[in-house]
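The values are calculated or read from the model by the stated rules, or taken from the named source; none is laboratory data. Nothing here was measured: the structure is a model prediction, and the numbers come from that model. Ideal geometry is used to build each Cβ from the backbone, glycine not excepted, and the neighbour counts take in all protein chains shown.
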Amino acid sequence: MVDSRGDKLRKNIINLIGAIVLFVGILGIFNSFYFDRAYDLFWFCYLGSILLGIGIIFRNITLIKSQFYILIIPDIIWSIDFLVHLIRGKSIFGIVDYFFVETRWIVKIVSLQHIYSIPLVILAVFLIGKAIKTENRALLMSFIQITFTYLATTIFTPPEANINCAYRLCGSIVLSPNYYPLLWFAASLIMLFLTRSLVNKILQSFIKDNH
């Protein structure tokens, strides 16, 4: 009876985390239309949150990893910039400056997912307890998603919005050379291959005693 209750509680926590992460992604897309910024829906973090939520709810580790490969480095950079701004009153990269002048709480909640989503997902993976395998499907999914999202971003979003940093570096650093698209793709590929090993090790360390 105790084991049954514990298993039910574990499943409920996993589903709750999945629902929270999924809701944040949906909320981000809702914000895009509600505030007449439909082009914001192309941000990687919105689709990533939705896919992470679905991956958690359906216990799909491959789908979860594919989003980790895309989101973990940008989320770490955002979080560092945010914490530095909190401590010093000034950010390093200028990425989070908008947050501290933003007055709409609903936008702040969505923005803060850069900090809380990854820890929540790691907790969910720990509770799911499936073995982490080093395979290429998640990497391929990440590459396809990045390619199509980049193309959609450059076709459907205005340059001044700089969605996904597709037109120039995000924040206060000015860098937009003629070869920037190649630089963007090169950086994305490096990010995917670097984080592939890192993500597998992180997830393995959290579930190694949970089979």
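Data for the structure
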item	result
Criterion violated by ARG37 - all others in (1) over 24 Å from ASN136 (Cα atoms); (2) in contact with a helix residue (DSSP H, G or I) (Cβ under 7 Å, 6 or more places away or on another chain) satisfied	(2)
Any chance ALA131 is of a type in the set (A, V, I, L, M, F, W, C) and at pLDDT 90 or above	no
For TRP105: the one exception among (1) aromatic (Phe, Trp, Tyr); (2) within 18 Å of the chain's Cα centre (by Cα); (3) within 29 Å of ILE13 (Cα to Cα)	(2)
Leading residue by the ranking (modelled with the lowest pLDDT) among those in segment 174-188 that are exposed (fewer than 13 other Cβ atoms within 10 Å of the Cβ) and of a type in the set (A, V, I, L, M, F, W, C)	LEU175
Of all residues making up segment 163-193, the number that are among the aliphatic types (A, V, I, L, M) and without any contact (Cβ under 8 Å) to a residue 40 or more places away in the chain	9
Count of residues meeting criterion [hydroxyl-bearing (Ser, Thr, Tyr) and surrounded by 15 or more Cβ atoms within 10 Å (Cβ to Cβ)] in segment 158-173	1
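So that you can scan it fast, the table gives a plain yes or no per residue for (1) part of a helix (DSSP H, G or I); (2) touching a Ser or Thr at 6+ places or on another chain (Cβ under 7 Å); (3) more than 27 Å from LYS201 (Cα to Cα):
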residue: ARG10; (1), (2), (3): yes, no, no
residue: ALA19; (1), (2), (3): yes, no, no
residue: LEU27; (1), (2), (3): yes, no, yes
residue: ASN31; (1), (2), (3): yes, no, yes
residue: ASP40; (1), (2), (3): yes, yes, yes
residue: ILE56; (1), (2), (3): yes, no, no
residue: TYR69; (1), (2), (3): yes, yes, no
residue: PHE99; (1), (2), (3): yes, yes, yes
